[in-house]
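What follows is calculated from the coordinates using simple rules that are stated; it is not laboratory data. Quick caveat: nothing in here was measured; it's all calculated off a predicted structure. Neighbour counts run over all protein chains shown; Cβ positions are idealised from the backbone, glycine included.
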Amino acid sequence: MPDFDQALTNQPRQLGALPGKLLTRLALVKSELAAIEFRKELSLNPFFADRDLIRI
C-alpha cells in the first residue's frame, strides 16, 4: 500500500494506482477501505472496467 500512496501523493489522479489500490484492498478483504477507493476511482473514471466488483 505504501507504493500506491506514494504514487497518489505524486500524482493524485493517477489512473493506474487508484484501481490497483482498490483491487488490492478487495483481495485483502478490506471491503470498507476498498469502497472508499472505489468511489474515488469512479469519480475520475466512470467507465472503470471492474466497477461491478463492489456495491456502493
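When the residues of the stretch 1-13 are narrowed to those that are of a type outside the set (Phe, Trp, Tyr) and crowded, with 16+ Cβ neighbours inside 10 Å, which ends up farthest from ASN45 (Cα to Cα)? If we take residues in the stretch 1-13 being of a type outside the set (Phe, Trp, Tyr) and crowded, with 16+ Cβ neighbours inside 10 Å, then ALA7 is farthest from ASN45 (Cα to Cα).
Of the residues making up the stretch 30-39, at least one is outside any helix (DSSP H, G or I) and touching a helix residue (DSSP H, G or I) at 6+ places or on another chain (Cβ under 9 Å).
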